[in-house]
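Beneath this line is the structure, given in structure tokens, with notes to follow.
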Amino acid sequence: MSMGKPGRRKNPEQTAATRKALIEKSYELFSGRSIESVSIAEIAKASGFGDITVYRYFPSKPILVVEVAAWKWTQFKEENIKRRPAADFEGMTSAEVFEFYLASFLELYKNHRDILRFNQFFNVYVQSENIPTDVMKPYKDVILDLGRQFHWIYEKARTDHALRTDEPEEIMFSKTLHLMLAAVTRYAVGLVYIPEKGFDAMAELGFMKNAILREYSAAENR
């Protein structure tokens, strides 16, 4: 009795390559214009696949959008780790690590404006779509990891006293994250005043970074 042809097994490497190709092409399209204006059909065509293939990997557009956001921010995080002045910040004070953290936002503006544009579109899309918590988890995990890194800075400051810790950690994290991210994003998308003779965006962002650093420096507040 014929048992029929065995089903074709998916090649793990091919599966990973297809998934990566879809995410990369989606990011390219999403960061170029508003996420709402990019359809699954357009992503499929631009990637060289059919709509069914896209839905096989990502059952809905919100799932794809969140996966793209998590992928890109994780990629930047890994790149930023390589920029550290010392492995695991060995021998650095909490103030020095805090300055590196703030400077990471300037790095985003200098070399990764595409991420800032995408993040602006992402925030608008998430708010308009009211995406469920479970779908948002991959992205939330990236933010939680950033919070854990900030927690390390705050706890080190409790022992080396190079930074103020009279303000609750969560408030300090929220202030610095939102102020720096909002500033570099506005510069990246051009929502800034442009003087007749032009301006030096990096110098202005550096001024803001140093102002925040002075605000929380224990030495400056003695």
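Brief remarks follow.
- In region 52-63, the residues that are part of a helix (DSSP H, G or I) and touching a Leu at 6+ places or on another chain (Cβ under 7 Å): V54, Y57
- Residues within region 64-106 that are touching a helix residue (DSSP H, G or I) at 6+ places or on another chain (Cβ under 7 Å), in a helix (DSSP H, G or I) and more than 21 Å from P138 (Cα to Cα), tallied: 11
- Condition met for M136 (at pLDDT 95 or above, over 18 Å from F173 (Cβ atoms) and not in a helix (DSSP H, G or I)): no
- Scanning region 168-204 for residues that are assigned to a loop (DSSP other than H, G, I, E, B) and of a type outside the set (S, T, Y) yields a count of 11.
- Tallying residues that are hydrophobic (A, V, I, L, M, F, W, C), buried (at least 18 other Cβ atoms within 10 Å of the Cβ) and within 11 Å of the chain's Cα centre (by Cα) within region 67-97 yields 5.
- Scanning region 141-167 for residues that are over 25 Å from W71 (Cα atoms) and either part of a helix (DSSP H, G or I) or in contact (Cβ under 8 Å) with a residue 60 or more places away in the chain (or both) returns Y154, E155, K156, A157, R158, T159, D160, A162, L163.
- Every residue from region 41-51 that is outside any loop (DSSP other than H, G, I, E, B) and surrounded by fewer than 16 Cβ atoms within 10 Å (Cβ to Cβ): A41, E42, K45, A46, D51
The values are calculated or read from the model by the stated rules, or taken from the named source; none is laboratory data. Please read these numbers as outputs of a predicted model, since none were measured by experiment. Every residue, glycine as well, gets a Cβ built from its backbone with ideal geometry; the counts of neighbours run over all protein chains shown.
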